[in-house]
Amino acid sequence: MAKKIIKITLSAIAAFAFILSIVKTALDFSYIPICNKIMLNGMSIPTYSTTVLKTQNASQGPYSYINLQKIDYSPLAMSIYDQYKNENQQGQDSTPIAPPSNEPLPEGVYPISSIDMSEQQTIENLIYKNESKYSPDINNLIKQEYPLKYSKQASTNNDASPLVLIIHTHGTECYMPENSATYTADTPTRTTDINNNVVAVGRAFADTLNNNGIPTIHCETMFDAQSYSESYNLSEAAVMEYIKKYPSIQYVFDIHRDSIVKTNMEKLKPVTTINNESVAQAMLVVGTNSSGANHPNWMNNLTVASYFQYSLIEKYNTLMRPINLRSASFNAEHAPGSILIEIGSCGNTLSEAKRCAVLLANTISEVILSDGIR
């Protein structure tokens, strides 16, 4: 009797294992292509070998990185543009950079198209993409008191009392070569050359702030060069060390380059024309505690972002994409003026992104120096 029970039990276990294997296989086939499409095509994330991360400037480190427990961060990029377009009827469709040709593109060559992603916002009607569980009224926030005060007497415009810290969690993100209308799988989307990636854009941003009298530190460390999955932990450790060393820091700007790729592999470049020049469009990303982060004062960050957005739209109309309110904190809990800034996308050029950075920094300087008073 005992042998019969054992035999039946073993048969049941074997059958259960077989069913599990079938389910797993089915899930793998349905899940993997989606992940590949979003992560590989949308974000163009390569595999990096593990290396020791060093700062580009001796005065900025090195850091003793700590592995802080964080929730997983979802990609900032619009993973599938077609879904975005369907959900946002106000958005304008993409248009080719070069006039359409009757000849189809060769196999393996894909188009880059311009797109206006400002959605015709006005200062009377600021809009945002909400991916959190909250429903704040950003048009009301700009009527509230600006949460930060800047004393010019405290400013010495040197490293002793910096007000702004600029970092790059994903510093290897780069842009398209100038005048690109197409790209291939071999076209770089990331580089450790700080003169040709998003670090160069951050430098233009930092230089403009400093020239306007706002003491700014620019950390040129590319935190994703060591580990993409740990990049937010690494950048957070650096932010905490900077703030510990310089308690005067009130603003932390994490500058990125977005990635927007359609399902047909067409890359999109959010772009506008200002002063007869092509300028990349930007997006302010604000983190919250919606996913459980210890970030109770996230509304201060959103208020600051709303003030920036208002002034930027007032001056440049189509420069800004809608504010993106996120469920994760993106390390914004460490300073009241912490904002992640997406400058351009994988279809934009470096010059377009730099022009955007200068316009952003000039306008943000005015808001900071006036304590938000318009």
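The values are calculated or read from the model by the stated rules, or taken from the named source; none is laboratory data. Treat the numbers as computed from the prediction; the structure is a model and nothing was measured. Every residue, glycine as well, gets a Cβ built from its backbone with ideal geometry; the counts of neighbours run over all protein chains shown. Remember, those area values only see protein heavy atoms, side chains included, never the ligands or the DNA or RNA. Shrake-Rupley method; radii C 1.70, N 1.55, O 1.52, S 1.80 Å.
Looking at THR273, THR263, just one residue is surrounded by fewer than 23 Cβ atoms within 10 Å (Cβ to Cβ) and either in a strand (DSSP E or B) or modelled with pLDDT of 95 or more (or both), and that residue is THR273.
Matching residues to (1) within 21 Å of GLN120 (Cβ to Cβ); (2) outside any strand (DSSP E or B); (3) modelled with pLDDT of 95 or more:
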| residue | (1), (2), (3) |
| --- | --- |
| SER291 | no, yes, no |
| MET299 | no, yes, no |
| ALA305 | yes, yes, yes |
| GLU314 | yes, yes, yes |
| ASN324 | yes, no, no |
| SER329 | no, yes, no |
| GLU342 | yes, no, yes |
| SER345 | yes, yes, yes |
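Filtering LEU325, LEU350, LEU319, LEU312 for residues that are in contact (Cβ under 8 Å) with a residue 40 or more places away in the chain, farther than 20 Å from LYS149 by Cβ, among the aliphatic types (A, V, I, L, M) and open to solvent by 10 Å² or more (accessible area, probe 1.4 Å) leaves a single hit, LEU350.
For the stretch 246-260, the set of residues classified as crowded, with 24+ Cβ neighbours inside 10 Å and of a type in the set (A, V, I, L, M) consists of VAL252, ILE255, ILE260, listed by residue number.
If you filter the stretch 176-198 down to residues that are hydrophobic (A, V, I, L, M, F, W, C) and closer than 14 Å to SER113 by Cα, you find that the one that is farthest from the chain's Cα centre (by Cα) is ALA181. Filtered by the rule that a residue be small (Gly, Ala, Ser) and free of Cβ contacts under 8 Å to residues at least 60 places away in the same chain, the stretch 207-261 gives a lone residue, SER229.
Each residue in the stretch 276-289 was checked for being in contact (Cβ under 8 Å) with a residue 60 or more places away in the chain and either in a loop (DSSP other than H, G, I, E, B) or farther than 18 Å from ASN324 by Cβ (or both), and 5 pass.
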